[in-house]
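Only the coordinates and a few stated rules stand behind these numbers; no lab work does. Worth saying up front: this structure is predicted, and the values here are computed from it rather than measured. Quick reminder, even Gly has a Cβ in these numbers, built from the backbone with ideal geometry, and neighbours come from all protein chains shown.
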Amino acid sequence: MKRTMLTVGIATTVLVLSAQAATNKEIKLEAKSAIMKLGKTLKGEVTKNMKAHGPQSTAYFCYKNAKSITKKINETYPKGVSVKRISLKNRNKNGYPTAKDEIAMLKKLEKQTKEGKKLPEMIVEKISENHYKVYKPIFIGKKCLVCHGDAQHRNKDAYKTIKEKYPNDKAIDYKLGDFRGAFVADIIK
């Protein structure tokens, strides 16, 4: 009898863990698709503007359009799915995380980066029974340094516009490869 109960208990645990793994995989796929859509759109618009008008105009373009682009892309997602960018060194006040779990996650990722640990591509956090947050770390690329680098690498004209539009800007002094923040996909099933 005890052996049967133990076998049933183990089988139940395996089934539960398998279901959780399948759910995490589905959540990750949905989050990745949503994050990639927003990231690709923002990056594409910035790159297009940079080529056509240069750094100073692109800084103004981001100030004027990043929020509306994000909103527009979020309207295309299924109900219960939204994506945003967050950072502890934010430029826009809306880019600072307001939820304690998001602040904690950014601090954890920043600490791991400083310790030289490789961050996972995506991190799934289960908030409640049907609520998940999926984080995708953002790192500074070469083109990012034009507006986010140190004084030596930042474009002075672009940064003049940035300081005018974001007087409390903290999103500077990065080096190539630095941890910048994260995309967060909020998914409620």
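So the values come out like this:
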quantity	calculated
The chain - percent relative contact order, Cα under 8 Å, separation 6 or more	29
Neighbour cut-off at most 15 other Cβ (10 Å), DSSP loop, GluC sites (Glu not before Pro), region 79-155	GLU115, GLU121, GLU129
Equivalent ellipsoid semi-axes - Cα gyration tensor, region 65-169, angstrom	27, 20, 12
Packing-based order for 103-109, 164-170, 28-34, 181-187, using average beta carbon neighbours within 10 Å, highest first	181-187, 28-34, 103-109, 164-170
Sorted peptide list for 90-96, 132-138, criterion being average Cβ within 10 angstrom, highest first	132-138, 90-96
Bins of 5 Å from zero: percent of alpha-carbon pairs in region 2-188	1, 7, 14, 17, 18, 14, 10, 6, 4, 3, 2, 2, 1, 1, 0, 0
DSSP-defined beta bridges in the chain - what % are antiparallel, rounded to 5	95
Net length gained if the chain between GLN152 and LEU29 were fully extended (0.36 nm per residue, minus Cα distance)	40.4 nm
Phi-based couplings in Hz for region 108-122 (Karplus 6.51, -1.76, 1.60; Gly and Pro marked x)	4, 5, 4, 4, 4, 5, 5, 7, x, 7, 7, 7, x, 4, 8
Descending semi-axes in whole angstrom, ellipsoid equivalent of region 22-99, from the Cα gyration tensor	26, 15, 11
